[in-house]
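Student: To start, I am sharing the structure in question, which I have written as C-alpha cells.
The values are calculated or read from the model by the stated rules, or taken from the named source; none is laboratory data. What you see is a predicted model; the values in this text were computed from it and never measured. With ideal geometry, Cβ positions are generated from the backbone for all residues, glycine too; neighbour counts draw on all protein chains shown.
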C-alpha cells in the first residue's frame, strides 16, 4: 500500500515552475516528516524541476500543447517521482557521459544534478513517449 500518491497532468510550460518549487514542501508539510523527511525536500524539488525542464526543452522542444504527467508516490521507505513526456527519451550515449559534466556549467547539467541528488534514476521509453523515474531512499 502506498500511503500517499499524487498524479497530475500539466502543459509543457515553464509557467508551472512556481507551483513545482512549492509542491514538495506543501506535500511534506501535509504528510509530515515520517513520510516525507525535511531533508528530502531540497533534493527532490531540484530533481523534479530539472526533469520537467528537460521534458519542456528537450522532449517537447517548447511545444506547450504537449502534456507532462507527474506521479509522486510516498511510502515508508522511499519517495518516487515519475515525469512522463512525449519525447524520444534520453540517448544512452548521453547517460554514459554524465560524469564528464561540470557542475558549475550554466547548461547541460540537469541529468547530472538528477543523478547526483537521487538514489536511483531510470529512463524508460515506451510507445507513448518517455518516463524518468527518480527514487530518493529514506534510509541511506
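Student: I'm checking my understanding of the structure. Among residues of the stretch 28-40 that are part of a helix (DSSP H, G or I) and in contact with a strand residue (DSSP E or B) (Cβ under 8 Å, 6 or more places away or on another chain), which one is surrounded by the fewest Cβ atoms within 10 Å (Cβ to Cβ)?
Tutor: The extreme case among them is 31.
Student: OK, next. What pairs come out if I take residues in the stretch 129-140 that are in contact (Cβ under 8 Å) with a residue 60 or more places away in the chain and on the phi > 0 side of the Ramachandran plot and pair them with residues that are buried (at least 20 other Cβ atoms within 10 Å of the Cβ) and not in a loop (DSSP other than H, G, I, E, B) whose C-beta lies under 6 Å away, six or more apart or interchain?
Tutor: 129/85
Student: Give the residues of the stretch 41-86 that are touching a strand residue (DSSP E or B) at 6+ places or on another chain (Cβ under 7 Å), part of a loop (DSSP other than H, G, I, E, B) and either buried (at least 21 other Cβ atoms within 10 Å of the Cβ) or modelled with pLDDT of 90 or more (or both), sorted by residue number.
Tutor: Once the filter is applied, which keeps residues that are touching a strand residue (DSSP E or B) at 6+ places or on another chain (Cβ under 7 Å), part of a loop (DSSP other than H, G, I, E, B) and either buried (at least 21 other Cβ atoms within 10 Å of the Cβ) or modelled with pLDDT of 90 or more (or both), the stretch 41-86 yields 60, 77.
Student: Right, here's the next one. Among (1) surrounded by 13 or more Cβ atoms within 10 Å (Cβ to Cβ); (2) touching a strand residue (DSSP E or B) at 6+ places or on another chain (Cβ under 8 Å); (3) under 21 Å from residue 120 (Cβ atoms), which single condition is residue 16 missing?
Tutor: Unmet condition: (3).
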